[in-house]
Amino acid sequence: MDSGDRQAKRSIHPGAGRRGGRNLPKGRQVEPEALAEVQALLGGQPRRRDLLIEFLHLLQDRHGCLHARHLAALAQEMKLALVEVYEVASFYAHFDIVLDGETPPPPVTVRVCDSLTCELMGSAKLLADLPAKLGAGVRVVRAPCMGGCHNAPVTAIGHALHEHATLDSVAAAVENGETHPHPPAYRGFDEYRREGGYKLLESCLAGKLPLEEVLKRLEASQLKGLGGAGFPTGRKWRFVRAEAKPRLMAVNGDEGEPGTFKDRVYLETDPHRFLEGMLIGAWAVEAEEVYLYLRDEYPQCRALLQDEIARLEAAGLARHARIHLRRGAGAYICGEESAMLESIEGKRGLPRHKPPYPSQVGLFGRPTLINNVETLYWVRDIVENGADWFAGQGRRGRKGPRSFSVSGRVRNPGVKLAPAGITVRELIDEFCGGMADGHRFKGYLPGGASGGVLPASMGDLPLDFGTLEQYGSFVGSAAVVVLSDRDDMKAVALNLLRFFEDESCGQCTPCRVGTEKAVKLMSERRWDKPLLEELAKVMSDASICGLGQAAMNPVKTILKHFPDDVP
C-alpha cells in the first residue's frame with residue numbers, strides 16, 4: 001500500500017468528488033443512520049456552537065469513541081464545517097476519534113497517571129505491567145495528573161477514579177465492572193440549609209445586605225484568587241461591575257496543575273459552601289448567566305453537582321442567575337482563564353492575547369467575572385465572620401488560611417488548611433506527620449509543576465503570594481510536592497517538562513517547539529546548560545500564556561539549587 005492509499009484509508013472525507021459515475025457534493029456524505037443517531041442523542045437541546053464539546057461527550061459516552069460518521073452528522077446538525085468539529089474533537093485528550101478503517105478502542109480504557117507524585121509512588125511500573133495483567137481486551141494508556149496526588153498512584157478505569165492503585169486492585173476493579181463514578185459522602189442541600197446555608201445569599205437577594213458592605217469585607221480580608229494568580233477578589237468584583245451590561249460569570253474548576261487537588265476536596269465534602277459563594281458573586285456583578293467549568297477528571301464531582309444544583313434551583317435560590325455546568329475534556333491549558341473561555345464557547349482551548357482582559361471582553365465577548373472554586377468557597381465565611389476572622393489566621397504577617405495540597409514523601413498527605421506564611425518544614429511537621437519513613441527532606445515544589453523546585457535549605461521561607469518570586473519560584477495554587485534524598489532531581493525535572501510538552505496547546509512557537517526541545521536536551525546523559533538557559537529565556541519572554549512562560553521554572557531552579565544533581 002503506497003502513502004496515498006494509506007492517507008485515503010485514514011481520511012475523514014471518503015468518496016469526495018465523483019463516485020460511481022455520479023456528481024456528489026465535495027466532502028464526506030452524511031449517512032442517514034448516523035444522522036438519526038445524533039439527532040436522537042441530542043434530542044430537543046438547542047444546536048448552539050457553545051454546546052459542541054458537550055455533544056461530543058454525549059457521543060463518546062454512548063458509543064465509546066467518536067466515529068467519523070457521527071462527527072460528519074454532528075457537523076451537519078449544528079450547521080458547522082466538518083473541520084470545525086474535527087479540530088475541536090482532536091484538540092482534547094479525552095476524545096477518541098476513530099476514522100474509516102480504524103479499529104475502535106476496547107470497551108474499557110485504564111488511564112494511568114504518570115505525573116510527578118504518581119511516578120514517585122510507582123506508576124511507571126504499573127503502566128508497564130498492567131497490559132499483561134489485564135489482557136488484550138483492555139486498553140492501558142498514560143495520562144497526566146488526575147487530582148489524586150494524595151492517593152497516589154492513581155488510575156481511571158472508564159470514568160471512575162481508582163486510587164492507591166496496584167496491579168491486583170486495578171484488575172479486580174476491571175473484572176467487577178467498576179467503570180462509573182460513585183459520589184462520595186458530602187454535606188447535601190438539606191443539611192447545609194439546616195446549618196444556616198444560603199441565609200447570606202437570601203439577605204443579598206432581598207436587599208438586606210448592601211453590596212458595598214460585601215465588597216468592603218472581601219477587600220479588608222485580603223482574599224486573593226486561590227487558583228494561583230493571587231489577584232484581589234473584591235477588586236476584581238468591582239472591576240467587572242464597572243463594565244457595561246450584560247455581564248457573565250465563569251467559574252474555573254479545572255485545577256490541572258500536577259500536585260493540586262484542593263478544589264476536588266472542597267467539592268466532594270461541602271459543595272454548597274462554594275455554590276453559595278458563586279451565586280453571591282453572580283449577584284454582586286449582576287451576571288444573569290454562570291458557567292461552571294469542571295475538569296473531566298472529576299466525574300464524581302460532576303455527578304453530585306448536577307444533583308445539588310438541581311436542588312438549589314428548585315428552591316428558588318438561583319432565580320437571579322442561570323447555572324450552566326460545563327465539562328472539560330482533558331486539557332491542562334484550559335485552566336488558563338482565557339483558554340477556559342474558549343472551551344466554554346465550544347472551541348479549542350487556545351489562550352487569548354491580553355489585553356483586553358476577561359473583565360472587559362470575556363465569555364461571548366461580554367465582561368466576565370472569573371473566580372476559582374476555592375476563592376468562592378471562602379466568600380460566605382468571610383462575609384458572615386468578618387474580614388478580621390479571615391485575615392487574622394496567617395503567620396509572619398501574611399493574611400488568611402491557605403489550602404495546601406500536600407503530596408510526595410510525607411507520612412500523611414492531603415489537603416491541609418494551614419496559615420498563609422507557614423513554612424514547608426512547619427507544614428511537614430505540624431500537618432503531615434513528618435517525612436515518610438526512611439526519607440530525608442531534600443527539596444520541594446511549593447506551587448506545583450510550574451512553581452519551580454526549591455532545596456531543603458530554603459525550607460524556612462514563608463509560603464504565600466510574593467514570598468518566593470525572588471528565588472525563581474512561586475506558591476501558585478499551593479500544590480506542595482515534597483521530595484527526599486531518594487529522588488533524582490534530573491528525573492523530577494524531566495517528568496515535569498514532559499508534562500508541559502504534552503499539554504502545550506501548540507498555538508505559539510516558543511512553547512510548542514521549546515518544550516519539545518527541552519525534553520530532548522534533558523533526556524541526554526549530560527545537560528547542555530547554556531542552551532537550556534537560553535531556551536528558558538526565550539520561552540519565558542515570548543510565550544503567549546503562563547504555560548510556556550513558566551514551563552522552564554523546574555529546569556532553572558534545579559540548575560540553580562541542585563548543581564550536584566546535574567553534572
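The values are calculated or read from the model by the stated rules, or taken from the named source; none is laboratory data. Since the structure is predicted, the reported quantities are computational estimates derived from the model, not experimental observations. Neighbour counts run over all protein chains shown; Cβ positions are idealised from the backbone, glycine included. Only protein heavy atoms, including side chains, enter the accessible area calculation; ligands, DNA and RNA are left aside. Shrake-Rupley method; radii C 1.70, N 1.55, O 1.52, S 1.80 Å.
Here are the numbers for this structure:
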quantity: Residues (more than 24 Å from T103 (Cβ to Cβ) and open to solvent by 30 Å² or more (accessible area, probe 1.4 Å)) located in the range 57-82; calculated: Q76, E77, K79, L80, A81
quantity: Residues (open to solvent by 60 Å² or more (accessible area, probe 1.4 Å), in contact with a strand residue (DSSP E or B) (Cβ under 6 Å, 6 or more places away or on another chain) and at pLDDT 95 or above) located in the range 378-401; calculated: R395
quantity: Residue within the range 424-432 that is under 27 Å from E501 (Cα atoms), assigned to a helix (DSSP H, G or I) and free of Cβ contacts under 8 Å to residues at least 60 places away in the same chain present; calculated: no
quantity: Pairs, first small (G, A, S) in the range 117-142, second part of a strand (DSSP E or B), C-beta under 8 Å, six or more apart; calculated: S123/V112; S123/C113; G137/V108
quantity: 3 or more residues under 28 Å from the mean Cα position of the chain (by Cα) and closer than 16 Å to A339 by Cα: qualifying helices (runs of 4 or more DSSP H) within the range 498-567; calculated: 546-550
quantity: Residue match in the range 544-557 (condition: touching a residue at least 40 places away in the same chain (Cβ under 8 Å), polar (S, T, N, Q) and more than 23 Å from Y92 (Cα to Cα)); calculated: yes
quantity: Any chance V110 is surrounded by 18 or more Cβ atoms within 10 Å (Cβ to Cβ), modelled with pLDDT of 95 or more and in a strand (DSSP E or B); calculated: yes
quantity: Sole residue being small (G, A, S) and either in a loop (DSSP other than H, G, I, E, B) or within 30 Å of V492 (Cβ to Cβ) (or both), chosen from G281, G227; calculated: G227
quantity: Positions within the range 284-321 being farther than 21 Å from I344 by Cα, in a helix (DSSP H, G or I) and among the aliphatic types (A, V, I, L, M), in sequence order; calculated: A284, L312, A314
quantity: Where a residue in the range 335-353 is over 11 Å from L52 (Cβ atoms) and its partner, wherever it lies, is part of a helix (DSSP H, G or I) and of a type in the set (G, A, S), with Cβ under 7 Å and at least six apart; calculated: E336/G546; G349/A339; G349/S343; L350/A339; P351/S338; P351/A339; R352/S338
quantity: Residue satisfying all of: in the range 83-102; among the acidic types (D, E) and outside any helix (DSSP H, G or I); surrounded by the fewest Cβ atoms within 10 Å (Cβ to Cβ) among these; calculated: E102
quantity: Contacts under 6 angstrom Cβ, first residue in the range 163-191 being within 23 Å of G414 (Cβ to Cβ), partner open to solvent by 40 Å² or more (accessible area, probe 1.4 Å) and part of a helix (DSSP H, G or I), 6 or more apart; calculated: Y186/T269
quantity: Subset of the range 236-255 [open to solvent by 10 Å² or more (accessible area, probe 1.4 Å) and more than 19 Å from D464 (Cα to Cα)]; calculated: K236, R238, F239, R241, A242, E243, A244, K245, P246, R247, N252, D254
quantity: Every pair of residues 6+ apart whose Cβ atoms lie under 9 Å, when the first sits in the range 509-520 and is under 14 Å from A542 (Cβ atoms) and charged (D, E, K, R) while the second is at pLDDT 95 or above and open to solvent by less than 10 Å² (accessible area, probe 1.4 Å); calculated: R512/G548
quantity: Verdict on G277 being closer than 30 Å to S407 by Cβ, crowded, with 20+ Cβ neighbours inside 10 Å and modelled with pLDDT under 95; calculated: no
quantity: Residue among S543, S504, S523 that is among the hydroxyl-bearing types (S, T, Y) and farther than 24 Å from R348 by Cβ; calculated: S523
quantity: Filter pass, A36 being assigned to a helix (DSSP H, G or I), free of Cβ contacts under 8 Å to residues at least 24 places away in the same chain and more than 26 Å from the chain's Cα centre (by Cα); calculated: yes
quantity: Of all residues in the range 209-231 being of a type in the set (G, A, S) and touching a strand residue (DSSP E or B) at 6+ places or on another chain (Cβ under 7 Å), the one that is surrounded by the most Cβ atoms within 10 Å (Cβ to Cβ); calculated: G227
quantity: Filter pass, A156 being assigned to a strand (DSSP E or B) and among the small types (G, A, S); calculated: yes
quantity: Unmet criterion (only one of (1) under 22 Å from G256 (Cα atoms); (2) in contact with a Gly (Cβ under 8 Å, 6 or more places away or on another chain)) for S90; calculated: (2)
quantity: S338 being hydroxyl-bearing (S, T, Y), touching a helix residue (DSSP H, G or I) at 6+ places or on another chain (Cβ under 6 Å) and closer than 22 Å to G281 by Cα; calculated: no
quantity: Candidates R348, R352, R326 - the one that is within 27 Å of G506 (Cβ to Cβ), open to solvent by less than 20 Å² (accessible area, probe 1.4 Å) and of a type in the set (K, R); calculated: R326
quantity: Unmet requirement for Y357, which otherwise passes all of (1) among the aromatic types (F, W, Y); (2) within 24 Å of T509 (Cα to Cα); (3) under 17 Å from the mean Cα position of the chain (by Cα); calculated: (3)
